[in-house]
Amino acid sequence: MLGSRRKESAMKYFLCVLGMVFVIEGLPYFAFPEKLKIYLAKMIEVPDNTLRLMGLAAIVLGLVLVYFGTAA
């Protein structure tokens, strides 16, 4: 019974975090759609390796934050 509550609590926490990610990701589209179009058009000029490196850095940073957030 206790394990079931932990799973339910963990799922609620996960859904809250996922919801916040969507809110943060959606803010620029809502607040600055015209500037976002210009920014995305400029991304075509960025080399693929640079974008991959930025993506990898974001993944590593995210994993570090999750680690420190759950290491309590």
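For region 49-58, check the following and say yes or no: at least one residue is open to solvent by less than 100 Å² (accessible area, probe 1.4 Å) and not in a helix (DSSP H, G or I). For region 49-58, residues open to solvent by less than 100 Å² (accessible area, probe 1.4 Å) and not in a helix (DSSP H, G or I): absent. With the checklist (1) within 17 Å of the chain's Cα centre (by Cα); (2) hydrophobic (A, V, I, L, M, F, W, C); (3) open to solvent by 100 Å² or more (accessible area, probe 1.4 Å) in hand, flag the one item ILE44 doesn't pass. Just one mismatch for ILE44, condition (1). Inside region 20-37, can you point out the residues that are open to solvent by 100 Å² or more (accessible area, probe 1.4 Å) and either in contact with a strand residue (DSSP E or B) (Cβ under 6 Å, 6 or more places away or on another chain) or assigned to a helix (DSSP H, G or I) (or both)? Scanning region 20-37 gives MET20, PHE22, ILE24, GLU25, TYR29, PHE30, GLU34, LYS35, LYS37.
Surrounded by 10 or more Cβ atoms within 10 Å (Cβ to Cβ) and either in contact with a Lys or Arg (Cβ under 8 Å, 6 or more places away or on another chain) or at pLDDT below 95 (or both): does that describe SER9? Judged against the criteria, SER9 is a match.
The values are calculated or read from the model by the stated rules, or taken from the named source; none is laboratory data. Small disclaimer: the values here were computed from a predicted structure and weren't measured. Using ideal geometry, Cβ is built from the backbone for each residue, glycine included, and neighbour counts are taken over all protein chains shown. The area values use the complete protein model at the heavy-atom level, side chains included, leaving out ligands, DNA and RNA. Shrake-Rupley method; radii C 1.70, N 1.55, O 1.52, S 1.80 Å.
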